[in-house]
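Presented below is the structure to which this report refers.
The values are calculated or read from the model by the stated rules, or taken from the named source; none is laboratory data. Fair warning: this is a prediction, and the values are worked out from it, not measured in the lab. Positions of Cβ are backbone-derived with ideal geometry, glycine not excepted, and every protein chain shown enters the neighbour counts. Ligands, DNA and RNA are excluded from the accessible area calculation, which covers all protein heavy atoms including side chains. Shrake-Rupley method; radii C 1.70, N 1.55, O 1.52, S 1.80 Å.
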Amino acid sequence: MSNLFVKDKQLVLPGEIVAEGMDYLPAYGIFRDNDQLVASKVGLVSIDNRLIKLIPLTGTYTPKVNDTVIGRIVNVGFSGWTVDFGFSNLAQLPVRDATHEFVDRRSDLTQYFDFDDLIVTKISNMSKGNLVDLTMKSPGLFKLSKEKGRLVDITPSKVPRVIGKQGSMISMIKRLTNCKLSVGQNGKIWIEGENEELAIKAIELIEKESHLPGLTEKIEKLLGGNDVLHKKE
Amino acid sequence: MSYTKRNDGRKFDQIREIEAKVGIIKSADGSAMFKIGKTIAIAAVHGPRDLYPKFMQNPRKGILRCNYNMMSFSVDERIRPGPSRRSKEISLVTENALLPALSLEQFPNAVVDVFIEIQQADAGTRCAGICAASMALADAGIPMKDLVCAISVGRVGGKILVDLDKFEEDYEEGSTDMPVAMLPRKDEISLLQIDGHIKPEEIEEALELAKKSCKKILEIQRNALKEKYEKEYGQDE
Amino acid sequence: MNNISREYLISILKKGKRVDSRQLDELRNVEISYDVSEHAEGAARVKLGNTEVVAGVKLEVGTPFPDSPDEGVIIVGVETLPLSNPDFESGPPNAESIELARVVDRAIRESHAIDLKKLCIEKKEKVWMILIDIYSINDQGNLQDAAALAALAALKKAKMPSFDGEKVNYKEKKGSLPMNELPVECTNIKVHDKILSDPILDEQIWLDARLTVATTDKGEVCAMQKGGSGTLTINDVKEMIKISLKNGKILRGKLK
């Protein structure tokens, strides 16, 4: 009847047959070819009852509506801006979604966002043709400083680990390095503050060892053990 | 006309020693090296990314662009740098060998660029290039229906054999070279060419040999990919 | 997407730090491996930090240039492969790659690194031609210095094929190239008012000006090239030459 050939969280490769039979349903990263369910990317297979999906381990980011991403303004037009967030297509930030202020039709849009500005923005809409619309009209979205701070890249699939359960990991990094951190689902992280190198080291450690046990303790140790606040007391 | 023993002592159904590594070029979205005998191919993938000129864009799906090139010193007689008619043809057949394995509908208007460089050549370069490119595409996270394996088969001195080296390609008493690429899950052929002449029933025999060899190559490609990702994600159990 | 803004780079340089924690005049880690391509008469791979290039030397017999009838010929080519950097385009070498190649060429030629007279087979008729081709494999900044070092490494280990008067026999190798010098290139960039050695990509994109200086074992300058659309003061040049002599010694040491 139906057969499952892999275990939950097993590493699978493109073309690998993960299951056979009509009882299993393919979700993200898994497709059906007649009787077989096949993996389409390098990833960890995730089995939830009858649903088989893939947690991709390779770099490409798949944008989803409501994702927060960090992007760069690459063009300033008449009715909005074009943004590069590392996806195969550039995204659009229309004027009406850029700010709560009223924007005069004749005003110079560069006073809001200029070429090369970095923004923490949100995907508001996506079409089938991969056209992506962005918005800045949501809490927690803003333009990043031009003079301070830097961007680092991580594999998009590691982003949840950097954020941690209910934001616990990212809060700890912020506290112990005295830095502001913004994380985009597209694998871009903005770091600005006192001890940026240390924050980068922590992120690199997460990228390397996110699958191993005791990560939280390792990061805490790396960042100097005791909470900076406690030390001040 | 008899080739009773292979020049390097291999059996007729034996492929040369293979070394494969994934993720060798950090600037690329995906990359891999595939070495078979003395032939070394490296491949890098950039994409999916925006495609210019715009007229080349396909609004229904992404396109694949392959560029095959041999380093000038990869062969005994130096090759003048730059594309040649041969390298342009190989770029095209490589594209057609890889396309059936890719699902590019998710990237309309975008392009996936694959660059293949041959660092050292001892025959079988286009096949080595395809094997490297296939791993690089998987490394880049391009959605694929299958990996792609390629190997040359042929008839040398009357004998059907696999993985011709330069000596066999140049064999004076008759050599027919047949590069083959396959999608191993369903044994589908995506590259097939012949340089020489051969009987139809010999082709069948050669294709069966190619199929068997591709399965061996598949294992090596899978191990190379696993080696990179298991190290990063600790899946050794 | 570049990761650092110009303003940010300048601000951390003011504190005397670099993005990757190096000193301003410090080189990245250097790794050289040889014999990376069998059919070449000499081939080498150089890794300068994460920047990686491969160079190969092929020898052919040809006619000398009319103005140097008893000298061998050197031709240097560089291909900045799209494989090494997503921003590189396919196509014939652009002006930047040609500049890179010509500077490497001049360093070798003007330092008399190779005794070209010893490459003469028959005056006015036949000389050895040394064809050096350099390919970028991974561009993480400063392809110039990596390329120059790889070319030298390939030349140093090259073995000359034999020539019977009619044809070159590549299977029969005899002896090394007649080399006198090891001209090493060092590139420094100027960002705002700071001088940085061996720039990584994140620094290189913000350069105002760049100076590549080739130096010999004897401490002489045998090639120099200013790049970038900004300017350098005389003091900048003096400083950069000083640094190039120091770093050149380090790079040359890796070749031995």
### Residue ranges of strands (runs of 3 or more DSSP E) in the range A:42-93 with at least 3 members among the hydrophobic types (A, V, I, L, M, F, W, C) and over 23 Å from A:Leu141 (Cα atoms)
A:43-48, A:51-56
### Message
Just to be sure I understand, how many residues within the range B:95-109 are within 8 Å of chain A (Cβ to nearest Cβ) and over 12 Å from B:Leu147 (Cβ atoms)?
### Response
5
#### Entry: Those residues of the range A:1-47 which are open to solvent by 50 Å² or more (accessible area, probe 1.4 Å), polar (S, T, N, Q) and more than 15 Å from B:Lys186 (Cα to Cα), in sequence order
A:Asn3, A:Gln10
#### Entry: Spans of strands (runs of 3 or more DSSP E) in the range C:180-256 with at least 2 residues farther than 21 Å from C:Asp105 by Cβ and touching an Asp or Glu at 6+ places or on another chain (Cβ under 9 Å)
C:184-191, C:194-197
### Query
Where residues in the range A:198-227 are at pLDDT below 80 and not in a helix (DSSP H, G or I), which of them is surrounded by the most Cβ atoms within 10 Å (Cβ to Cβ)?
A:Ser210
### Task
Under 7 Å between Cβ atoms, at least 6 apart or on separate chains: pull out the pairs that start in the range B:194-205 with a residue that is part of a helix (DSSP H, G or I) and end on any residue that is surrounded by 13 or more Cβ atoms within 10 Å (Cβ to Cβ) and not basic (Lys, Arg).
B:Glu202/B:Ile160; B:Glu205/B:Ile160
### Task
Would you be able to say whether some residue in the range C:189-205 is more than 24 Å from C:Arg18 (Cα to Cα), buried (at least 16 other Cβ atoms within 10 Å of the Cβ) and among the polar types (S, T, N, Q)?
no
#### Entry: Matching residues, the range A:48-67, being more than 12 Å from every other protein chain (Cβ to nearest Cβ) and open to solvent by 40 Å² or more (accessible area, probe 1.4 Å)
A:Asp48, A:Asn49, A:Arg50, A:Leu51, A:Lys53, A:Lys64, A:Val65, A:Asn66
#### Entry: Matching option when the condition is β-branched (Val, Ile, Thr), touching a residue at least 60 places away in the same chain (Cβ under 8 Å), within 18 Å of B:Asp165 (Cα to Cα) and facing another protein chain (nearest Cβ under 9 Å), among B:Ile118, B:Ile40
B:Ile40
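Let's see how each residue does on (1) buried (at least 23 other Cβ atoms within 10 Å of the Cβ); (2) farther than 26 Å from C:Arg210 by Cα; (3) touching a strand residue (DSSP E or B) at 6+ places or on another chain (Cβ under 8 Å):
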| site | (1), (2), (3) |
| --- | --- |
| C:Pro93 | no, no, yes |
| C:Leu100 | yes, no, yes |
| C:Arg109 | no, no, yes |
| C:Asp115 | no, yes, yes |
| C:Glu122 | no, yes, no |
| C:Tyr135 | yes, no, yes |
| C:Leu143 | yes, no, yes |
| C:Ser162 | no, yes, yes |
| C:Glu166 | no, yes, no |
#### Entry: Count of the range A:146-169 residues which are open to solvent by 70 Å² or more (accessible area, probe 1.4 Å), touching a residue at least 40 places away in the same chain (Cβ under 8 Å) and within 9 Å of the chain's Cα centre (by Cα)
0
### Task
Filter the range B:16-29 for residues that are more than 11 Å from chain C (Cβ to nearest Cβ) and in contact with a helix residue (DSSP H, G or I) (Cβ under 7 Å, 6 or more places away or on another chain) and give the result.
B:Ile18, B:Ala20, B:Lys21, B:Val22, B:Gly23
### Query
B:Leu92 fails exactly one of the following numbered conditions: (1) within 24 Å of B:Phe55 (Cβ to Cβ); (2) touching a Leu at 6+ places or on another chain (Cβ under 7 Å). What is the number of that condition?
(2)
### Answer residue from the range A:82-129, given it is buried (at least 19 other Cβ atoms within 10 Å of the Cβ) and touching a residue at least 60 places away in the same chain (Cβ under 8 Å) and is farthest from the other protein chains (Cβ to nearest Cβ) among those
A:Ile123
### Task
Working only within the range B:92-128, note down all residues that are under 11 Å from the mean Cα position of the chain (by Cα) and among the polar types (S, T, N, Q).
B:Thr94, B:Thr125
